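Colleague: Here it is, the structure, as structure tokens.
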Amino acid sequence: MELIRKYFPDLTQEQYTQLQALGALYTDWNSKINVISRKDIDNLYEHHVLHSMALAKVMRFTDGTRIADIGTGGGFPGIPMAILFPQCSFTLIDSIGKKIKVATDVATQIGLENVVCRHERAEDEKDKFEFILSRGVMPLADLCSIGNRMIDRSTQRNAYPNGVMCLKGGDLGSETARFKKVTETIEIQNFFKEDFFKDKKVVYVQI
């Protein structure tokens, strides 16, 4: 939690309390269901929570923004982002039922009222959203193909046009090449200086 305080000093007490509660909740769930690598659960805040929150360093979502998290797993990046933006609505989607069960319970336990969790394939989602978030679950082209159908283009309320924002790592040249005109890649080490983030990026695509 020290890293959270370091990089997000303006959290409200409620936000801090909610983020602090994630440690015990995910540790307990991980003892039953392998939501996070058991080798990595001790790095929950740096590798999962703070990593998810990097999206907030790129975009301060305007109140009322409708956001979907595709392939959320146990709730990343959706739950940390929903804590940061309580006046936005988040729909967390995953095709694996046990993972959505975890995300649903965690959101309920910490009192998130702006989160809906859905056990389904993203291709089957009927609602429209202003932004699609994701955390390395599929190639960028596939994510944008799914997102293209889900994006609502009738509204524009944020600094970036409606589209996809995802967390990726490594060399993304081949993935982003086809999107050059509408892609921005932001190094997370611009915000977080820990070694874990040295090859991590936020990728934005207007679709």
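Colleague: For region 90-108: of the residues being more than 17 Å from Leu19 (Cα to Cα) and within 13 Å of the chain's Cα centre (by Cα), which is surrounded by the most Cβ atoms within 10 Å (Cβ to Cβ)? Give the derivation first.
Modeller: Just the residues of region 90-108 that are more than 17 Å from Leu19 (Cα to Cα), to begin with: 91-101.
Filter once more, so that each one left must be within 13 Å of the chain's Cα centre (by Cα): 91-94.
Details: Thr91: 21, Leu92: 30, Ile93: 27, Asp94: 26.
Only one residue tops the list, namely Leu92.
Colleague: Can you tell me which residue is farthest from Lys57 (Cα to Cα) among those in region 124-137 that are of a type in the set (A, V, I, L, M, F, W, C) and crowded, with 21+ Cβ neighbours inside 10 Å?
Modeller: Phe129
Colleague: Just one of (1) out of contact with any Ser or Thr (no Cβ under 9 Å at 6 or more places or on another chain); (2) of a type in the set (A, V, I, L, M, F, W, C); (3) at pLDDT 95 or above trips up Ala141, so point out which.
Modeller: (3)
Colleague: Please specify each residue of region 188-199 satisfying the condition of being out of contact with any strand residue (DSSP E or B) (no Cβ under 6 Å at 6 or more places or on another chain) and either under 14 Å from Leu3 (Cβ atoms) or not in a loop (DSSP other than H, G, I, E, B) (or both).
Modeller: Passing the criteria: Gln189, Asn190, Phe191, Phe192, Lys193, Glu194, Asp195, Phe196, Phe197.
Colleague: If you don't mind, another one. Quick check on this structure: which one of Leu167, Leu140 is surrounded by 15 or more Cβ atoms within 10 Å (Cβ to Cβ), out of contact with any Asp or Glu (no Cβ under 9 Å at 6 or more places or on another chain), within 20 Å of Leu55 (Cα to Cα) and touching a residue at least 24 places away in the same chain (Cβ under 8 Å)? Step through it out loud before you land on a result.
Modeller: Numbers: Leu140 fails: out of contact with any Asp or Glu (no Cβ under 9 Å at 6 or more places or on another chain).
Selected residue: Leu167, the only one of Leu167, Leu140 that is surrounded by 15 or more Cβ atoms within 10 Å (Cβ to Cβ), out of contact with any Asp or Glu (no Cβ under 9 Å at 6 or more places or on another chain), within 20 Å of Leu55 (Cα to Cα) and touching a residue at least 24 places away in the same chain (Cβ under 8 Å).
Colleague: Let me ask something else about it. Take the residues in region 152-164 that are exposed (fewer than 14 other Cβ atoms within 10 Å of the Cβ) and without any contact (Cβ under 8 Å) to a residue 60 or more places away in the chain, then tell me which one is nearest to Tyr7 (Cα to Cα).
Modeller: Across region 152-164, the extreme among qualifying residues is Gln156.
Colleague: Being under 20 Å from Gln20 (Cα atoms), touching a Lys or Arg at 6+ places or on another chain (Cβ under 8 Å) and not polar (S, T, N, Q) narrows it down to one residue among Gly73, Gly64, Gly111; which is it?
Modeller: Gly73
Colleague: Within region 20-69, track down each residue that is loosely packed, with under 15 Cβ neighbours inside 10 Å, modelled with pLDDT under 95 and out of contact with any His (no Cβ under 7 Å at 6 or more places or on another chain).
Modeller: Those that are loosely packed, with under 15 Cβ neighbours inside 10 Å, modelled with pLDDT under 95 and out of contact with any His (no Cβ under 7 Å at 6 or more places or on another chain): Ser31, Lys32, Ile33, Asn34, Ser37, Arg38, Lys39, Asp42.
The values are calculated or read from the model by the stated rules, or taken from the named source; none is laboratory data. A quick note: this is a predicted structure, and the numbers were derived from the prediction, not measured. A quick note on method: Cβ atoms are made from the backbone with ideal geometry, for glycine too, and the neighbour counts reach across all protein chains shown.
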